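Here the structure is laid out as structure tokens; the discussion comes afterwards.
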Amino acid sequence: MTTSVVEPWAERPLVKYVEQAGARLVVVMTPAGQVLAQHGFTRAVDLMAAAALGAAIMASSGALAQQIGERPFGSLFHAGMRHGIHLAACSTPRGPLIVLTVFGKETSIGLVELFFEEFAAALQQAAPVTTVREPVLAGDFEADLNRSLTSLFRR
Amino acid sequence: MSEALLRALKRISRVRGVRGSMWVSAEDGITVADLLMEGVRGRAIAALAASLARKVSGAAAATGSGKVRFVQLEAEEGTLLVAVAPGDLLIVALADRRVNVGLLRLEMMRAAEAAAA
């Protein structure tokens, strides 16, 4: 299984999290769906789809929480027949991040949640303090996306 | 149901040396009910106890030993005991070195049987 990163500071915490939690797939992304690091994906199209859907779920559940006067949900868990999906946000000096974790029957949601806490703390410690980022322009988007895909899949 | 679960935990916690006891979902590794001394990391114990039970069950199945009913892990500073109860539940107890393991095991098995009834 491969781990690849766009931002190198995320690699060590991610590798440790994958090992401890027994995760099959992990995506670390921004709330906009920009992937910073991933584990387990072999095809760019799958990774981008997972990141976009994960970010959309967090955005829509956050909006739903706001509608009912609640704070955004801490984490979401979907128990499937063969896989579980854990989706949670964490704050870092680089800005808020979303982590999507897919795991199988060899581990459990208890272990994933337990080690996610450590992972979130490690990300918070490792993340560089963000500089004011330029707004993403439509013209730059494709170039940015291609750069990220090249970093993640080395092609 | 939760009253009965808590009553069982109270009985287990009365055994001298017990630092905490809990009902844990075997599949998810999350706590269903607990009675813990301060400083005991319930979430971590629940997750790790369920993982331990799953791995021991796998080993037992591989060796043809049948269903696992009880797991005892002795460490330097204490003991972790896990009893398998019906309904995808585990009874987990964390105890220090002075615990009477026999008595604790008896209470845990009683709780597991009560959960089955």
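The values are calculated or read from the model by the stated rules, or taken from the named source; none is laboratory data. Not measured: the values here are computed from a predicted model. Virtual Cβ from ideal backbone geometry, glycine too; neighbours counted across all protein chains shown. Calculation scope for accessible area: heavy atoms of the full protein, side chains included, ligands and nucleic acids excluded. Shrake-Rupley method; radii C 1.70, N 1.55, O 1.52, S 1.80 Å.
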Taking the range A:105-130 and keeping only residues that are within 14 Å of chain B (Cβ to nearest Cβ) and not in a helix (DSSP H, G or I), one is left with A:Lys105, A:Glu106, A:Thr107, A:Ser108
Among residues of the range B:81-108 being free of Cβ contacts under 8 Å to residues at least 40 places away in the same chain and part of a helix (DSSP H, G or I), the residue surrounded by the fewest Cβ atoms within 10 Å (Cβ to Cβ) is B:Gly102
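Determine if the range B:70-80 includes at least one residue that is in a helix (DSSP H, G or I), of a type outside the set (Val, Ile, Thr) and surrounded by fewer than 17 Cβ atoms within 10 Å (Cβ to Cβ).
no
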By residue number, the members of the range A:23-39 that are crowded, with 18+ Cβ neighbours inside 10 Å and among the small types (Gly, Ala, Ser) are A:Ala23, A:Gly33, A:Ala37
Only one of A:Ala88, A:Ala121 is more than 19 Å from A:Leu47 (Cβ to Cβ) and small (Gly, Ala, Ser), namely A:Ala121
If you go through B:Arg69, B:Arg105, B:Arg14, B:Arg110, the only one that is among the charged types (D, E, K, R) and in contact with a Phe, Trp or Tyr (Cβ under 7 Å, 6 or more places away or on another chain) is B:Arg105
Quick count over the range B:34-67, residues being more than 16 Å from B:Val24 (Cα to Cα) and in contact with a Ser or Thr (Cβ under 6 Å, 6 or more places away or on another chain), is 0
Quick check: is even one residue across the range B:2-20 farther than 17 Å from B:Phe70 by Cβ, open to solvent by 20 Å² or more (accessible area, probe 1.4 Å), within 14 Å of chain A (Cβ to nearest Cβ) and not in a strand (DSSP E or B)? no
In the range B:26-48, anything within 14 Å of chain A (Cβ to nearest Cβ), in contact with a helix residue (DSSP H, G or I) (Cβ under 7 Å, 6 or more places away or on another chain), of a type outside the set (Val, Ile, Thr) and not in a loop (DSSP other than H, G, I, E, B) is listed as B:Asp34, B:Arg43, B:Ala44, B:Ala46, B:Ala47
Taking B:Met37, is it farther than 24 Å from A:Phe103 by Cα, open to solvent by 50 Å² or more (accessible area, probe 1.4 Å) and modelled with pLDDT under 90? no
